[in-house]
Every structure is written in structure tokens, then in C-alpha cells.
Amino acid sequence: MDNCIFCKIIDGAIPSTKVYESDRVIAFLDINPIEKGHMLIVPKQHWKNLAEVKLDTEKEIEVYEELMYIVRVAARAVISTGFAAGANILQCNNACAGQTVDHLHFHVIPRYGSDAVSVPVFTSGAAKYEDGEAAAIAEKLAKAIETIVKEEELL
Ligand SMILES: [Zn+2]
């Protein structure tokens, strides 16, 4: 994609500090880290975000599987090596949810137990359900999930 900063990083047109690279996935340090070691895990295929991922071809499935695998491995690497005490995984879909680069990416943010970053990032309990509203919303979401699972026929 033209004018996509992550596609330019993947192409090597923009330099990055890489921590992992394969034919399908690249991971590099965020240039504006929340914490030291803050990584971005990025598929080489340009999908806007997680909601836009299509799993229509074997290649797309392989890219997606490796992407999710490397997210897990990056978090495990941070923690199991003692690099940091913990990690947050963050992924944003669309501008209203804080997405600033329109190329799917997962943030893996090491946590050292001594920083000022507040977790949870969002305020638990900020939204309240009216009576019966949670059940209605759950039903709507369950139908949407069921529809997509049936459409994609992967499970
Ligand atoms: Zn891109």
C-alpha cells in the first residue's frame, strides 16, 4: 500500500530496529515506546486491522497464524527471560479505538513494575447495563460471532 508507513518499513524504505522477521511477519521496536522494549508485531500482508483480516486463502491463514504465534512468543520472550516482570498486549481497530497506523499491528509492551503507566488502560465499570440489556447485547454479539464463524468455515 502506498503511503503506509509499515509497508515502507517492511520494504526497507524506512529503517527499523527489528527483533524478528520472516516471509510473513516482522517485529520491531516502536519508535515512540510506552516502555523500553515496546515491540510492534506486524503482518507483511497489508490488512487495515484485525476486523479487516480475510482468511480466504492458505497464505492469508498462514500469515495470520504466524502473526498470532509471534505475539505470544514476544510476550513469552519478555517474561520468561526475565527481561521484564510482565507485558501488555494492545491492538487497536479504527481511529475511534486509537488506531493511528492503518496497517494491522499488535503492541507488546514490557512492564517492569515501576512505571507510571496505568493498567487497565480503560476504566473498568465505566459503562453500566440497564436491566436485561447485557443479555440482549450478548445475544446480538453471539449471533454476529456465529455468523462469521459459519462464513469462514474454519472451526
Ligand atoms: Zn501497510
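So how much slack lies between Tyr129 and Glu21, counting 0.36 nm per residue of separation and subtracting their Cα-Cα distance, in nm?
Gain in length upon complete extension: 34.5 nm.
Just to confirm the filter: which trypsin sites (Lys or Arg not before Pro) across the range 1-110 are DSSP coil and have at most 15 other Cβ within 10 angstrom of their Cβ? Sites meeting the loop and neighbour criteria: Lys36, Lys54. Debye-formula intensities of the range 1-46, expressed as log10 I(q)/I(0) at q = 0.17, 0.33 Å⁻¹, are -0.44, -1.30 (one equal scatterer per alpha-carbon, no solvent). By the Cβ distance rule of under 4.7 Å, the chain has these cysteines without a partner: Cys92, Cys96.
For the range 5-124, what is the number of Lys pairs with C-alpha distance below 20 angstrom, counting only pairs 8 or more positions apart or on separate chains? Mind showing how you got there, number by number?
Details: Lys8/Lys18; Lys8/Lys44; Lys8/Lys48; Lys18/Lys36; Lys18/Lys44; Lys44/Lys54; Lys44/Lys59; Lys48/Lys59.
Taking the range 5-124 as the scope, the lysine pair count is 8.
A straight chain from Glu146 to Met68 at 0.36 nm per residue would run longer than the Cα-Cα distance by 26.0 nm. Considering every alpha-carbon pair of the chain, the percent of pairs per 5 Å bin, from zero through the bin containing the longest distance, is 2, 8, 14, 17, 18, 15, 12, 9, 4, 1, 0.
Other residues within the sphere of radius under 11 Å centred on the Cβ of Asn93, judged by their own Cβ, net out at -1 (K and R +1, D and E -1). Projecting the Cα atoms of Leu104, Ala144, Tyr129 onto the charge dipole of the chain (Cβ charges, centred on the Cα centre) puts Leu104 farthest toward the positive pole.
In the chain, which longest range has no chymotrypsin sites (Phe, Trp or Tyr not before Pro) that are both DSSP loop (not H, G, I, E or B) and surrounded by at most 11 other Cβ atoms within 10 Å? Write out the running numbers ahead of the final one.
On the way: sites that count: Phe122, Tyr129.
Between the exposed loop sites, the longest stretch runs 1-121.
Per-residue extension of 0.36 nm, minus the Cα-Cα distance of Glu139 and Val53, leaves a gain of 28.6 nm for this segment.
Readers should treat all values here as calculations from the given coordinates under stated rules, not as data from a laboratory. What you see is a predicted model; the values in this text were computed from it and never measured. Neighbour counts run over all protein chains shown; Cβ positions are idealised from the backbone, glycine included.
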